[in-house]
Every structure is written in C-alpha cells, then in structure tokens.
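Okay, structure first, notes after.
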Amino acid sequence: MSDLQKIRTVLARAARHRRWSRAWNGLLWGVFAASAIWLLALVAFKLLPVPFAALCAIGLGACGLMPVGFVWGWWKKDSPLDTAKWVDNELALKERLSAAIEFQSSESWGGVLLREGARSVSRASLGSVLQYRLPRVARWTVLLLFVGVTLGFVPEYRSQRMLDERKQAEIIKDAGTRLEHHAKTVLQYREPALKPTEQAMRSVEELGADLQKIKLTRADALERISNVTDRLKEQAQSLENPEAFRRIRQASRSATGATGGDAELQRKIDRLQERMGGNSADLDALKALKKRLDQLRGSAADMPTGEAGTTPDLSQQMGADLANLMQLSQDQGLSLPDLDLAMAAFQQGEYDRVAEMLDSAQVDLEKMLEMAKALHRMQTQQEQAGRDLGEQLEKGQVSTAYQNLQEMIRKMREGTDGEEIRKILQEVSEALDPAGGYGQCQALLRQALQQGETGNRQASAESLQQAAEELKRLMEEYGDMQSLLDTLKACEIAQQSVGNCQGWGACQGGGTGNGLSSRGVGTWADGNQMWKDFDPDLAQRWDNSGIQRPDMESRGHTDRGQGPGTEGMIPTKVRGKFTPGGPMPSITLRGVNLKGESRVQVEEAISAAQQEAQSALNQEKIPRAFQRGVRDYFDDFN
Amino acid sequence: MEDRIAEFRDAFARVKKEIGKTIVGQTEIVDGTLQAICAAGHVLLEGVPGLGKTLLVRTLSEAIDLSFNRVQFTPDLMPADILGTNLVMENPDGRREFQFQQGPIFSHIVLADEINRATPKTQSAMLEAMQEKSVTAGGKIRRLDEPFFVLATQNPIDQEGTYPLPEAQLDRFFYKLLVTYPSGPELTEVIDRTTQPRQERVERAVDRQQLLRMQGLVREVPVPSHVRDYAVRLVLATHPGTDTAVDVANQYLRFGSSPRGGQSVILAAKVRALTEGRFNASFADIKAVALAALRHRLILNFEAQAEGITTDHVLKKVLEEVSTSGTPAEVAK
C-alpha cells in the first residue's frame with residue numbers, strides 16, 4: 001500500500017466517523033433548540049394568555065428540529081483536505097496530513113510530504129479521536145429540560161380580567177350549547193304545530209349555534225338573547241288564550257293529567273296488569289304479604305346452620321309459616337316461584353338455600369308492590385277523570401273531551417237510536433257553559449245542539465267535528481305555548497347565566513315548574529330537565545331535598561385546604577380603620593359578660609382579649625377564612 | 001530533497017552549537033537571529049546593555065564565514081559614515097578624480113550598535129541598503145554583496161538623546177527580539193566562562209554558499225493554504241477600524257502590520273518547520289514566530305500607551321481571538 005493509499009484509507013475512516021458524529025451533534029443541537037423554544041413557549045404560556053393548543057403546537061414544531069438537526073449534520077460531506085485538517089488538529093500532527101494532501105502532486109515536495117504524512121498517521125492513535133462524545137450543549141439541554149419540567153409545576157399567571165373573560169366566554173358558549181340542544185329537542189320531540197312557533201324555535205337554535213361559534217362580548221350575547229326572547233314572547237302572546245290554557249294547565253298539574261286521556265291511561269293500566277300476571281292484586285294484601293315474608297326471612301336467618309343445631313319446634317314453625325305464605329300468595333294470584341323453591345329447600349333441610357330463596361322472593365314481591373302502587377295510582381286517576389263532556393271541559397281535560405266528541409260524532413253519523421242521540425244532545429247542552437272559554441267551541445256546540453234538536457244529525461255531527469277541531473287546535477296551541485314557555489325559561493336562564501357570569505346550573509334554581517324543589521344537592525338529571533316534561537310523575541322521584549352529601553360540601557371543612565374565598569369575603573388588613581369597604585369579620589365568643597362597670601386597666605384588658613383570641617384561634621373556633629383577620633385585628637392593639 | 005533538508009538542519013545545528021560556545025542561554029534570541037538569517041532578514045535586538053547582544057552578532061559572524069562590520073551609532077554619525085562617500089583621489093596618471101570610498105555597510109553582516117542614537121537622517125541611510133540591498137551614492141547604484149544582514153541593537157532605557165526608529169525602518173527588520181536578563185544558572189555560567197583565562201574558540205560552521213543554499217531551501221518549503229490563510233488573518237486582524245480587526249486591535253492600535261509582517265511570519269514559520277525536522281509550516285510555527293515578526297510593526301495608540309499596554313500584549317490577544325479555521329476574510333471573534 002502506497003503512502004497516499006494509507007493516508008486516504010485513514011481519511012475515509014475519519015470522514016465517515018466525522019459525518020456521523022456531526023449528525024449526532026446536530027441531533028443534540030436540535031434537542032437543545034427544541035428545548036429552548038419549548039421553554040420559551042412555556043414561560044410565555046405561564047405569563048401570557050397563550051392558548052394551551054398553541055403551546056402544544058410549538059412543542060410539536062420544536063420536536064421537528066431534532067431530525068432537522070440530525071439531517072443537517074449528516075448531510076455535509078467533507079473533502080479529503082477538510083478531513084485531513086480535522087485529523088491534523090485532533091492528533092496534533094502539525095498539518096502534516098493536510099500538507100501531504102494539498103501538495104501530493106508537487107514534484108519536489110510531494111513524495112516527502114506523503115511519506116511524512118503516512119509515517120505520522122501510522123504513529124498516531126486514530127481510535128482515540130474517533131469516539132462519539134456528548135457535546136457541551138447536552139448539559140445545557142439537560143438543564144433546560146429540568147427547568148422546563150420544574151416550570152411545569154408552577155401555576156400559570158392569569159389576570160383576573162382575563163380569567164373573567166375566559167369564564168364569560170365559556171358561559172356564553174355553554175348557554176349557546178344548552179339553548180341549541182333545548183331547541184333541537186323541542187323541534188324533534190314536540191314538533192310545533194304552528195309555523196311561527198317553529199320559526200321562533202329555529203331562531204333559538206340559530207342563536208345557540210351563534211353563541212357557540214361567534215366570539216361575543218357579554219353585551220352582544222345578552223342583546224342577541226334578548227332579541228330572541230322578545231320574539232318568543234311576542235309569539236307566546238299571540239297564542240295566549242287565558243281561560244282555556246288556565247284550565248288545561250290546572251288539569252296538567254292535577255293528578256289526573258290532561259295530556260293522556262282515558263284511552264292512553266287505560267292502555268297503561270292494561271300493560272301494567274299484564275306485567276303483574278293478569279290480576280290486580282290488593283295493595284294492602286301485598287303489604288301484609290311483604291310483612292310476613294320479612295318475618296319469615298328473619299326466622300330463616302336466625303336458623304342454626306346444619307341439622308344438628310335445629311330443634312323440631314323451630315323447624316316445624318318455619319315450615320308452617322312458609323306454607324301459610326305460599327297459601328297467601330296463591331290467594332292473591334301472585335306468581336312467586338322462589339317461594340316454591342324455598343319450600344323444596346326446606347323439605348330437604350337446606351336452610352341456607354331457604355334464606356337465599358326468600359331473599360329472591362322478597363325482591364320479586366317488592367317489584368310487584370311497586371307495580372301495584374303505580375296501578376293503584378293510575379286507577380285513581382281514571383276514577384278522577386271527568387265523566388261527561390261538560391265535566392271534562394270544566395276540568396280542562398281537553399284530550400279526553402276531544403276523544404269524547406269523536407265518539408259522539410261517530411254515533412251521530414252511524415245513526416244510533418233516538419235515545420242515544422238525546423243523551424248526546426243532553427251532554428252537549430250541559431257542556432255549553434264549560435265550553436265558554438275554549439274559543440269557538442261553545443258556539444259550535446250550541447250550533448250542533450240546535451241542529452241535533454231539529455233532527456239534522458249530519459249537520460250536528462259536522463258542528464261537533466268543528467268543535468273537536470277547535471279543541472284540537474287549542475291543544476296544539478297549548479303545546480306550542482308550553483314549548484315557548486319552556487324555551488323562554490331557558491332563554492331567561494341563559495340571560496341570567498351570561499349576565500351574572502354564573503354557570504347554567506346555578507341559574508336554574510327557580511325550577512322549571514315541574515314540581516321539583518330547587519333545594520337539594522341535585523342529581524345528574526338536573527342538567528337537562530327537558531325530558532322530565534314527558535313524564536312528570538317519574539320526575540317526582542328525583543327530588544332529593546334533604547339528602548346530605550358530605551363529599552360535596554363546601555371547601556374549608558375537609559382536608560382539601562382552604563378554598564378561595566368569594567369576592568368581598570377575603571379579609572383585608574387595613575390598619576387604623578374599621579370596615580373600610582366591607583363588613584368586619586366578626587364572631588360571637590363565649591366569654592365574660594361585659595355589662596356593668598369595669599375597673600381593669602386597659603392594657604390588662606387588651607392582653608386578656610389577645611389571650612382569649614389566641615386561645616380561640618388555637619382551638620380552631622375561628623373559621624379559617626377569618627383567622628388571619630382576627631389575628632391581625634388583635635395584633636394591631638400592640 | 002531530504003538530503004537538502006538534512007543538510008539545512010545540520011548546518012543550523014552546527015552554527016547554533018558554535019554560538020553556544022560564547023553565548024550562554026538566550027536560546028530564543030539565538031534561534032530567532034538564526035531564523036532571520038536563514039530567511040535573509042534583518043534583526044533588531046532590544047535589551048539593556050551588557051546582555052551580550054553585540055557578542056552574539058560578532059560570534060555569529062565568526063561562525064558563518066562572512067565579512068563583518070560594526071557601526072556604533074551616535075548622534076553625530078552621518079550617512080556617509082555608513083554608506084561611504086566620493087573622495088577626490090589622485091590616480092596613477094596624476095590626475096585627480098572622484099573615487100567612491102565604501103562605508104562599513106559594504107559587508108555581509110553589519111552590526112548597527114545602538115541604532116536609535118543616530119539621527120533619523122542617518123538611520124534612513126540604511127533604508128535602501130536593508131530593502132534593496134544596494135547603495136546609491138554620487139548618482140550611482142552599488143549592489144551589496146549577498147548575503148547581507150543588518151543586525152541592529154537598541155537600548156530601551158536611557159532614552160534621552162535618542163531618536164526612535166522611523167516606522168519605515170522598523171518595518172524592514174524581519175524580527176525584533178527582546179533580550180532579557182539571564183537566569184541564575186546562566187549568569188553563573190557567563191561569569192565562569194568570561195573570567196577564566198582560556199576561552200572557547202568559535203569555529204566556522206557554515207560558509208557563504210551554504211548559507212545561500214539554506215536561504216533558497218527556506219523559500220521552497222510548502223505552506224498549506226489554510227496555514228497561509230491563518231497568517232493572513234492574523235495580519236488583517238491587527239488593522240484597526242476594519243471589518244477584520246479584532247476588538248483589542250480597535251481599542252489599542254493606531255496602525256497594524258504591513259504586508260511585510262505577513263511575509264516575515266510565513267518565512268519564519270518555514271525556517272522553524274525545517275529546524276524542527278518537518279517539511280511544511282504549521283499553525284504552531286505561525287504562532288511561535290508571530291510575536292517576534294509582528295511586534296515592531298504595530299503602532300500603539302494613546303490609550304494603549306497610557307495604560308502601559310505593549311504590542312506583545314495586543315498580539316497575544318490577537319492570537320487568542322483569531323481562529324485557525326476560516327478564510328482570509330474571516331476573523332473569528
């Protein structure tokens with residue numbers, strides 16, 4: 001191998017190493033740059049109102065610098081002369097290699113220089129310099145990353161104004177979401193009968209969408225909500241029929257209800273009876289049966305395990321009770337297969353299994369009891385429903401009255417006998433007065449009565465049909481009215497929420513008129529009360545007023561530390577002034593009665609008061625929110 | 001080629017050895033003087049009296065088979081006293097005619113002792129001789145015999161009645177060497193040698209032809225382009241007020257090095273490479289010779305003089321700040 005080949009071999013190896021080394025350094029520089037950028041972004045995020053998404057985007061973008069640094073380092077390819085210079089420098093060869101490469105073609109000096117270069121390369125230890133080392137920037141990178149991670153635990157600073165604005169925006173958006181959802185639900189499940197009502201609901205839906213999409217100030221949002229509210233109010237006023245709606249509303253509030261009607265109620269009763277096995281069990285008998293079953297379960301639980309522990313008397317008594325219970329259930333027509341299984345287990349002496357079967361039987365019995373209660377309630381409703389058209393109109397049971405009228409029309413048109421027609425006309429004549437508040441209904445009924453009395457059945461049936469249509473129109477208008485009122489309520493809540501910068505839940509304390517109390521800790525169902533309108537009876541069950549929820553108690557009484565006080569309640573230390581802008585925090589302490597004349601030196605009195613205050617503080621008698629204020633107050637006496 | 005280089009190193013070592021017979025220590029001064037002679041350059045030796053400057057030059061002339069003249073510069077010394085003059089002489093025919101009488105400058109080695117004691121007019125008489133290696137007198141140019149060296153000395157103290165060398169003349173010196181006090185062992189050796197009856201005799205180690213061959217070889221030594229660029233960047237870095245100047249030059253220099261400085265640095269680096277057995281100049285050579293080759297070419301400003309800053313201080317900072325990598329237009333800061 002010639003001197004030149006020796007040198008070239010060494011230089012090729014060094015060039016390869018140098019390229020990868022540069023790529024490695026480029027990667028680390030990329031990490032450093034990414035760390036620095038991310039740290040700057042993090043600092044900016046902590047101090048300025050930079051969105052979190054922007055921080056993430058900057059972080060991801062900065063990560064891209066790492067491969068860029070690697071490629072940038074790897075891309076550059078050194079010439080042999082550059083590599084020779086580097087090897088000269090690293091091995092302190094005093095430019096022997098670079099001179100050999102540069103002057104290799106020189107006639108007089110080329111050979112000498114190449115020989116000298118090859119000799120110096122063979123003497124030097126190239127392996128010592130061909131190592132991958134961490135550049136100095138790696139230390140700074142570690143430092144930056146450490147600072148960045150540490151900074152991650154530092155809470156970001158946000159001005160109160162910005163927090164308010166952000167909260168405001170969230171509340172506006174939330175109000176928009178709820179309004180849109182409300183409008184959509186109404187349009188989907190309670191489709192408005194009238195075009196203007198539908199248009200009004202669409203405007204609410206659009207308002208909700210706008211509040212979500214467009215960044216609005218509080219004033220603008222309130223103005224928009226107010227405009228839509230006015231439109232809803234106008235529409236509601238145009239539908240107002242005080243007398244008819246009052247009666248319908250009363251009917252809906254009463255236990256009988258006005259929306260279902262006899263037929264629907266009957267269907268519910270039939271369905272429930274079918275589920276109960278085709279019989280209508282006596283509620284009192286079921287309660288008695290449940291009581292007996294509870295007693296028997298207690299006896300079964302007290303039975304000693306194993307035959308060795310049982311006495312014949314106990315066993316005999318239990319068998320008798322079990323047989324009585326089975327007889328009672330059969331008398332009521334109930335199907336409790338677990339009782340049969342319990343009896344079988346008893347006969348085989350498996351008392352543990354008896355207890356299990358009795359437990360299962362109790363569960364079944366409780367379900368039956370619930371169904372029996374519901375059935376009883378519905379039957380009561382059915383009994384309370386109006387018996388004739390006049391009574392139905394009087395009670396506001398418009399749906400039932402409508403069905404009743406349809407039945408009358410059918411009979412009139414089918415040509416029933418004169419006695420039946422006379423009864424119908426009699427019922428219509430009695431319904432004239434109650435029909436007074438139902439628009440044209442009274443006039444149409446009167447017309448039908450006159451036509452019926454003159455024997456014009458078809459005309460009378462037609463008039464009755466018109467009266468039924470009038471009632472149907474009123475029902476639809478009432479439905480629209482209810483939707484509008486609900487939506488108006490939602491808009492009012494939205495206005496209150498946006499105007500007071502409070503959450504939606506905090507603003508619906510007044511309830512929605514469905515009978516729910518505003519008190520209580522609330523449930524998951526309170527977030528969306530729309531569905532309750534469809535079954536007010538079920539909604540009754542979720543009133544959890546009076547239920548204690550310690551885990552949801554306010555801060556300050558738990559180990560979560562002292563929570564942030566509300567504005568105006570944060571004690572402020574102001575020397576030499578009393579109540580400089582707010583009420584002075586005070587608390588009644590048990591102590592000496594101060595009535596009468598005191599002859600104690602003021603210094604002693606102050607000292608005693610300070611000691612008492614300190615004692616009260618030490619014994620946690622002072623609420624935490626006021627402790628600092630109390631301490632400062634008494635310290636100021638010194 | 002290797003034979004020529006070996007001959008160079010051998011001759012250099014022989015001369016150094018002969019000088020070592022009379023000069024104790026002062027290795028840098030001896031090396032510097034020999035490097036300048038190998039590069040055909042003139043040397044300015046600066047040091048307090050009694051440090052062996054004159055002895056060094058005289059010994060050098062004895063070790064190299066060259067003619068030697070010494071001129072003691074004094075304020076009343078005239079140019080003609082150095083260069084020579086036309087005298088009215090009677091020829092064998094009895095006719096009178098002007099005949100040029102050569103001055104002491106017509107020698108291979110001229111020792112200009114205490115050169116700063118002569119007036120600028122007299123000092124300037126050396127300019128043509130040092131650069132052109134010729135003397136013009138009576139309208140006629142007379143070439144000086146090669147090789148020609150001026151080895152000047154000057155005393156940094158006792159400045160009263162002295163005339164600082166003009167910049168043009170300073171620039172013509174290849175090296176300015178600062179002769180320092182000898183160390184304790186060196187002084188002991190000096191005393192021992194000079195107070196004994198028998199003294200070493202200096203032998204002639206190199207003849208004139210051999211010296212000329214050595215000077216020719218020096219100029220052939222290759223300098224890698226990046227080493228040459230580094231020397232250029234060093235010189236450019238001393239130019240205050242330019243883009244290439246380093247901060248210290250802008251702060252303390254009124255004028256930087258001339259191109260002669262760059263030439264001197266490269267030539268000196270070549271000589272040093274040869275003396276160390278290498279066949280190319282390196283960065284280390286440039287750094288080693290930069291002070292001696294450039295220190296007398298920098299003109300300090302008032303701020304530097306007021307603060308007691310020397311050109312050596314400036315040059316050391318320049319060497320620190322100028323990177324060995326880059327192009328001539330770049331000066332790492």
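When the residues of region A:18-48 are filtered to those that are surrounded by 17 or more Cβ atoms within 10 Å (Cβ to Cβ) and not hydrophobic (A, V, I, L, M, F, W, C), the one that is farthest from the chain's Cα centre (by Cα) is A:18. Going by the structure shown, is residue B:40 at negative phi and modelled with pLDDT of 85 or more? Criteria not met by residue B:40. Note on region B:257-285: residues that are surrounded by fewer than 24 Cβ atoms within 10 Å (Cβ to Cβ) and among the hydroxyl-bearing types (Ser, Thr, Tyr) amount to 2.
Examine region B:1-14 for a residue that is under 26 Å from residue B:296 (Cα atoms), at pLDDT 90 or above and touching a helix residue (DSSP H, G or I) at 6+ places or on another chain (Cβ under 9 Å), and state whether such a residue exists. If you could, list the steps in order and put the result at the bottom.
Step one: of region B:1-14, the residues under 26 Å from residue B:296 (Cα atoms) are B:12.
Add one more test, that the residue is at pLDDT 90 or above, and what stays is B:12.
When the remaining residues are screened for being touching a helix residue (DSSP H, G or I) at 6+ places or on another chain (Cβ under 9 Å), the result is B:12.
Within region B:1-14, one or more residues are under 26 Å from residue B:296 (Cα atoms), at pLDDT 90 or above and touching a helix residue (DSSP H, G or I) at 6+ places or on another chain (Cβ under 9 Å).
Of the residues making up region A:136-143, at least one is modelled with pLDDT of 85 or more, assigned to a helix (DSSP H, G or I) and among the aromatic types (Phe, Trp, Tyr).
Restricting attention to region B:77-126, and to residues there that are small (Gly, Ala, Ser) and crowded, with 17+ Cβ neighbours inside 10 Å, which single residue is nearest to residue B:162 (Cα to Cα)? Full working, then the answer.
At the first step, the residues of region B:77-126 found to be small (Gly, Ala, Ser) are B:80, B:84, B:94, B:103, B:107, B:112, B:118, B:124-125.
If we keep only those that are crowded, with 17+ Cβ neighbours inside 10 Å as well, we get B:84, B:103, B:107, B:112, B:118, B:125.
Numbers: B:84: 23, B:103: 23, B:107: 26, B:112: 14, B:118: 7, B:125: 17 Å.
Only one residue fits best here, namely B:118.
Mind listing just one residue for me: the one in region B:304-319 that is in contact with a helix residue (DSSP H, G or I) (Cβ under 7 Å, 6 or more places away or on another chain) and outside any loop (DSSP other than H, G, I, E, B) and, of those, surrounded by the most Cβ atoms within 10 Å (Cβ to Cβ)? Only one residue tops the list, namely B:318. Being away from chain A (no Cβ under 14 Å), over 16 Å from residue B:182 (Cβ atoms) and touching a residue at least 60 places away in the same chain (Cβ under 8 Å) is true of residue B:62. In region A:362-419, the residue that is farthest from the chain's Cα centre (by Cα) out of those that are under 15 Å from residue A:467 (Cβ atoms) and among the small types (Gly, Ala, Ser) is A:390.
A quick yes/no check of all residues on (1) facing chain B (nearest Cβ under 8 Å); (2) β-branched (Val, Ile, Thr); (3) in contact with a Pro (Cβ under 6 Å, 6 or more places away or on another chain):
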{"site": "A:70", "(1), (2), (3)": "no, no, no"}
{"site": "A:73", "(1), (2), (3)": "no, no, no"}
{"site": "A:76", "(1), (2), (3)": "no, no, no"}
{"site": "A:81", "(1), (2), (3)": "no, no, no"}
{"site": "A:87", "(1), (2), (3)": "no, yes, no"}
{"site": "A:94", "(1), (2), (3)": "yes, no, no"}
{"site": "A:103", "(1), (2), (3)": "yes, no, yes"}
{"site": "A:115", "(1), (2), (3)": "no, no, no"}
{"site": "A:121", "(1), (2), (3)": "no, yes, no"}
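State whether one or more residues within region B:268-284 are farther than 30 Å from residue B:3 by Cα and away from chain A (no Cβ under 13 Å). No, every residue in region B:268-284 fails to be farther than 30 Å from residue B:3 by Cα and away from chain A (no Cβ under 13 Å). Within region B:179-189, does at least one residue satisfy the condition of being part of a loop (DSSP other than H, G, I, E, B), away from every other protein chain (no Cβ under 14 Å), within 19 Å of the chain's Cα centre (by Cα) and within 25 Å of residue B:271 (Cβ to Cβ)? Looking through region B:179-189, at least one residue is part of a loop (DSSP other than H, G, I, E, B), away from every other protein chain (no Cβ under 14 Å), within 19 Å of the chain's Cα centre (by Cα) and within 25 Å of residue B:271 (Cβ to Cβ).
Does residue B:201 satisfy being away from chain A (no Cβ under 14 Å), in contact (Cβ under 8 Å) with a residue 60 or more places away in the chain and assigned to a helix (DSSP H, G or I)?
Against the criterion (away from chain A (no Cβ under 14 Å), in contact (Cβ under 8 Å) with a residue 60 or more places away in the chain and assigned to a helix (DSSP H, G or I)), residue B:201 does not qualify.
The values are calculated or read from the model by the stated rules, or taken from the named source; none is laboratory data. Nothing here was measured: the structure is a model prediction, and the numbers come from that model. A quick note on method: Cβ atoms are made from the backbone with ideal geometry, for glycine too, and the neighbour counts reach across all protein chains shown.
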